[in-house]
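Engineer: Attaching a single structure in structure tokens format; questions to follow.
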Amino acid sequence: MARTPPDSLFPDYPAVPDYRFEQHCVQSGYQLVAGLDEAGRGPLAGPVVAAAVVLDPACIPEGLDDSKALTASRRELLFDLIMASAEVSVASASAREIEATDIRAASLAAMRRALCALPVKADYALVDGRDVPVGLTCPARALVKGDARCLSIAAASIVAKVTRDRLMTRAATVYPVYGFEKHKGYGAKLHLKAIADDGPCPLHRMTFRPMRQD
């Protein structure tokens, strides 16, 4: 019977993500391994966006890393390389869904949707963080700091981050007063001042401070 890859097999944290987790999954009988990650848990506005990526082991873009460790221009370049070489899907949870549940539940829901939307059926999923979304279509394992340890998760983190940044830049053309193109919905001084002066817009998460009324 196929075995899952426990963290104890890989206790160290590599300097850059590597392919060991995926290789162990393949050796355990799982052929198509997806990495799952999300972007946008912390902002005051906009959706949380998740991505699922199944890398081609014969064509892995060089330089994949946790999206937070990369410059915006490097993320954009790697995004294009990932889209050209891997199986990719993206999903999201809106500000209204975040309000109706919470950011953790919405993030997990977005990751589940991303996995389900892949153009291929993954045999196993490696998920960034401590939680595995319920209702996945395959076995899965959560990896703490997975975007810094696992290439498939790193790729998913890049796709999710670039996609969300583009969405927020586009949102700035609809709601220009908030400067979304500059801070992507995070609590920058410019953003907080705009909320204080003009109030929130439909993209704001009303259960987050400073919108939340205690």
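The values are calculated or read from the model by the stated rules, or taken from the named source; none is laboratory data. This is a predicted model, so every value here is computed, not measured. Note that we place each Cβ from the backbone using ideal geometry, even for glycine, and neighbour counts take in every protein chain shown. In case anyone asks, the SASA skips ligands and DNA or RNA and just uses the protein heavy atoms, side chains included. Shrake-Rupley method; radii C 1.70, N 1.55, O 1.52, S 1.80 Å.
Engineer: Just checking, does region 7-22 include any residue being in contact with a strand residue (DSSP E or B) (Cβ under 6 Å, 6 or more places away or on another chain) and in a helix (DSSP H, G or I)?
Structural biologist: First, pick out the residues of region 7-22 that are in contact with a strand residue (DSSP E or B) (Cβ under 6 Å, 6 or more places away or on another chain): 17, 21-22.
Narrowing the set further to residues that are in a helix (DSSP H, G or I) leaves 21-22.
Yes, region 7-22 has at least one match.
Engineer: Scan the helices (runs of 4 or more DSSP H) fully inside region 96-195 and keep the ones with 2 or more residues being over 20 Å from SER67 (Cα atoms) and under 17 Å from the mean Cα position of the chain (by Cα). Let's see the steps before the verdict.
Structural biologist: Values: elements: 103-116, 151-174, 180-183.
Ranges flagged: 103-116.
Engineer: Does SER157 satisfy the criteria of being within 30 Å of LYS182 (Cβ to Cβ) and of a type in the set (S, T, N, Q)? Working first, answer last.
Structural biologist: Numbers: within 30 Å of LYS182 (Cβ to Cβ): yes; of a type in the set (S, T, N, Q): yes.
Yes: the conditions hold for SER157.
Engineer: What do you reckon, is LEU167 at pLDDT 95 or above, hydrophobic (A, V, I, L, M, F, W, C) and out of contact with any helix residue (DSSP H, G or I) (no Cβ under 8 Å at 6 or more places or on another chain)? Spell out the reasoning first.
Structural biologist: Working: at pLDDT 95 or above: yes; hydrophobic (A, V, I, L, M, F, W, C): yes; out of contact with any helix residue (DSSP H, G or I) (no Cβ under 8 Å at 6 or more places or on another chain): yes.
Against the criterion (at pLDDT 95 or above, hydrophobic (A, V, I, L, M, F, W, C) and out of contact with any helix residue (DSSP H, G or I) (no Cβ under 8 Å at 6 or more places or on another chain)), LEU167 qualifies.
Engineer: Of all residues in region 42-86 being touching a residue at least 12 places away in the same chain (Cβ under 8 Å) and of a type in the set (Ser, Thr, Tyr), which is surrounded by the most Cβ atoms within 10 Å (Cβ to Cβ)?
Structural biologist: My answer is SER67.
Engineer: Picking from LEU108, LEU143, which residue would you name as being touching a Cys at 6+ places or on another chain (Cβ under 7 Å) and not polar (S, T, N, Q)? Walk me through how you get there before you give the answer.
Structural biologist: Numbers: LEU108 fails: touching a Cys at 6+ places or on another chain (Cβ under 7 Å).
Exactly one of LEU108, LEU143 is touching a Cys at 6+ places or on another chain (Cβ under 7 Å) and not polar (S, T, N, Q), namely LEU143.
Engineer: Here is a follow-up. Please go through region 87-111 and pick out each residue that is open to solvent by less than 20 Å² (accessible area, probe 1.4 Å) and within 16 Å of VAL33 (Cα to Cα).
Structural biologist: Residues satisfying the conditions are SER89, MET111.
Engineer: Name the residues in region 200-210 that are surrounded by fewer than 16 Cβ atoms within 10 Å (Cβ to Cβ) and closer than 22 Å to THR173 by Cβ, would you?
Structural biologist: So the first thing to find is which residues in region 200-210 are surrounded by fewer than 16 Cβ atoms within 10 Å (Cβ to Cβ), and the list is 202, 206-207, 209-210.
Listed by number, the list holds a single entry, PRO202.
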